[in-house]
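Visitor: Below: one structure in structure tokens.
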Amino acid sequence: MMRSPTVMFESWRGLYADSPRALSEQLAASGLCTRRLWVTTGENDFPPDVATVPRHSPSYFRALLSANVLVANDIVSKHLVKGPRVHYLQTWHGTPLKLIGYDERSHAYSGAQAHLKRMARDVAKWDYLISPSPVCSEIFRSAFRFEGEIWETGYPRNDLLRAAGAADRRDEVRRMLGIADGAVAVLHAPTWRDDDKNDEGRFRQSVMLDPDLLAEALPDGARLMVRLHRNVKERPAGSAPGFVLDVSDHPEIADLYLAADVLVSDYSSAIYDFAVTGKPIILYAPDLDRYRDTVRGLYFDYEDWAPGPVATTQEQVASATAALTSHDQAWSTRYAAFTERFCPHEDGHAGERVIERLRSVLAG
């Protein structure tokens, strides 16, 4: 009997999330006879219809050599040797605003050179790279020096945002988080700063919203969901009890996009994904000059790029958030142009397009 092809998935170094998760579930529904093998660190649960392998175990490295397809959303850090029959599909994890990869100006943060070497080693093994737009494809060519095949399909992880059951999923997530029906939910999803570390050298998040000021500006019952970047392990001191919800460990950020009514972010790729929902976005960038000119650098002129108002003070954020629980007409044209430019394929069917291409890969 011929053995079913093995598709190996690695997301965020061991989680069940992001575009690999969307593709795994789409693969299960596609009728393709495959064995789905997921990399795990034990941090979260996996569905019963997939197999798992502990990250960096001997069986993990054997699977990297023997799988038919490897699907990952970030570099596979110890991927030293690519098996002879492996097709490596890199989904990446968002459209960049900040400079990434070889485009970064200084690589001055701790561990940057080692990371760049790991990236170069992994990119050399990529066969296919997913992109959401022509603009992003151009960035990826430059940032990764990738000369292989780019699949401009949209991000499978965003299919959930346009799915027929999105409204029901929103209600379900809000109930789980304790957000009352009709209550305003603000999602704060900032990115990490390369040079923002505590005394132990761990990344922290110093640029945060003032929850008391925001709570005062919003209607009764409103909630602030705080989603810190995975690089940030230090949690800020708690405040505004009953108002702030720390959702940093929620496994699927798309759930939070559905649950939220407004996004407040800065230089994060979350901005592009949230735009798929059509809901308001506020940019909080009090350190814009420093971040753009010294810390990292940006691909676009921030003020021209922004799909919503840019705030530089806590008071401006509070005022803009209270006003933008529904779209301000002044931003509608900018927002539409933003989604047309950066999200042209985000129609809820990106995963289907990727699976069809994978079907051809496996057939070949």
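The values are calculated or read from the model by the stated rules, or taken from the named source; none is laboratory data. Computed from a prediction, not measured in an experiment: that's the story for all the values here. Backbone-built Cβ (ideal geometry, glycine too); neighbour counts: all protein chains shown. Ligands, DNA and RNA are stripped out before the accessible areas are found, and what is left, the full protein with its side chains, is counted by its heavy atoms. Shrake-Rupley method; radii C 1.70, N 1.55, O 1.52, S 1.80 Å.
Visitor: Can you give me the % of accessible surface on region 119-189 that is carbon or sulfur? Probe 1.4 Å, all protein chains present, nothing else counted.
Guide: Here carbon and sulfur together make up 46 percent of the probe-accessible area.
Visitor: Run the numbers for Asp301 and Asp249: contour at 0.36 nm per residue of separation, minus the present Cα-Cα distance, in nm. Intermediate values should be presented prior to the final figure.
Guide: Numbers: separation 52, 0.36 × 52 = 18.72 nm, distance 3.17 nm.
Net length gain for the segment: 15.6 nm.
Visitor: Once the piece of chain linking Gln316 and Glu43 is laid out straight, how much longer is it, given 0.36 nm per residue of separation minus the C-alpha distance between them?
Guide: In short, 94.5 nm is gained.
Visitor: Once each part is reduced to its C-alpha centroid, what is the distance from region 246-301 to region 134-173 in angstrom?
Guide: Spelled out, the Cα-based centre of one part sits 15 Å from the other.
Visitor: Any aspartates and glutamates with Cα under 16 Å of the Lys78 Cα? List them, leaving off those in the same chain fewer than 8 positions away.
Guide: Glu10, Asp122
Visitor: Take Lys78, Lys98 and sort them by solvent-accessible surface of the protein heavy atoms, 1.4 Å probe, largest at the top.
Guide: Highest to lowest solvent-accessible surface, that is Lys78, Lys98.
Visitor: Using θ = phi - 60° and the Karplus form 6.51 cos²θ - 1.76 cosθ + 1.60, what ³J(HN,Hα) does each residue of region 14-27 get, whole Hz, x for Gly and Pro?
Guide: x, 9, 9, 6, 6, 4, x, 5, 4, 6, 4, 5, 5, 5
Visitor: Might you work out the accessible area of Arg145 for me, using a 1.4 Å probe with all protein chains in place, and round it to the nearest 10 Å²?
Guide: 150 Å²
Visitor: Contour minus end-to-end for Ala183 and Asp347, with contour as 0.36 nm per residue of separation and end-to-end as the Cα-Cα distance?
Guide: Working it through step by step, the gained length comes to 56.3 nm.
Visitor: Nearest 500 deg cm²/dmol is fine: what mean residue ellipticity at 222 nm does the chain get from its DSSP H runs of n ≥ 4 alone, each adding -39,500 (n - 2.57), divided by its residue count?
Guide: Computed ellipticity for the chain at 222 nm equals -9500 deg cm²/dmol.
Visitor: Given the protein chains as shown and a 1.4 Å probe, how many square angstrom of Asp249 are accessible, to the nearest 10?
Guide: 130 Å²
Visitor: Compute the helix-to-body angle for 350-363: its Cα long axis versus the longest principal axis of the chain, expressed 0 to 90° and rounded to tens.
Guide: Its long axis makes an angle of about 10 degrees.
Visitor: Can you tell me the FRET efficiency between Leu80 and Glu340 if r is taken as the Cβ-Cβ distance and R0 is 45 Å, rounded to the nearest 0.05?
Guide: 0.60
Visitor: Under a point-charge model restricted to the Cβ atoms of Lys and Arg (+1) and Asp and Glu (-1), what is the dipole moment magnitude of the chain relative to its Cα centre, in debye to the nearest 20?
Guide: 1800 debye
Visitor: What is the magnitude of the charge dipole of region 39-86 about its Cα centre, with +1 placed on the Cβ of each Lys and Arg, -1 on the Cβ of each Asp and Glu, and no other charges, expressed in debye to the nearest 20?
Guide: Dipole of region 39-86, to the nearest 20 debye: 360 debye.
Visitor: Provide the per-residue ³J(HN,Hα) series for region 296-309, in order, calculated from phi with Karplus coefficients 6.51, -1.76, 1.60 and θ = phi - 60°, each as a whole number of Hz, with x at glycine and proline positions.
Guide: Whole-Hz 3J(HN,Hα) from phi for region 296-309: 9, x, 10, 7, 10, 5, 4, 5, 6, 6, 4, x, x, x.
Visitor: Moving on. Can you pull the accessible area of His87 for me, 1.4 Å probe, Å² to the nearest 10?
Guide: Its heavy atoms expose roughly 60 Å² to the probe.
Visitor: On average, how much accessible surface per residue is there in region 1-125, in Å², for a 1.4 Å probe, leaving out ligands, DNA and RNA? If you can, show how the numbers build up before the last one.
Guide: On the way: 5550 Å² over 125 residues.
Dividing the accessible area of region 1-125 by its residue count gives 44 Å².
Visitor: In terms of modelled amide H atoms, which long-range or inter-chain residues lie less than 5 Å from the amide H of Phe9?
Guide: Leu37, Trp38, Val39, Val71
Visitor: Could you tell me which residue out of Tyr335, Ala72, Tyr291 lies farthest along the dipole of the chain toward its positive end? Charges go on the beta carbon: Lys and Arg +1, Asp and Glu -1, centred on the Cα centre.
Guide: Going by the charge dipole, the pick is Ala72.
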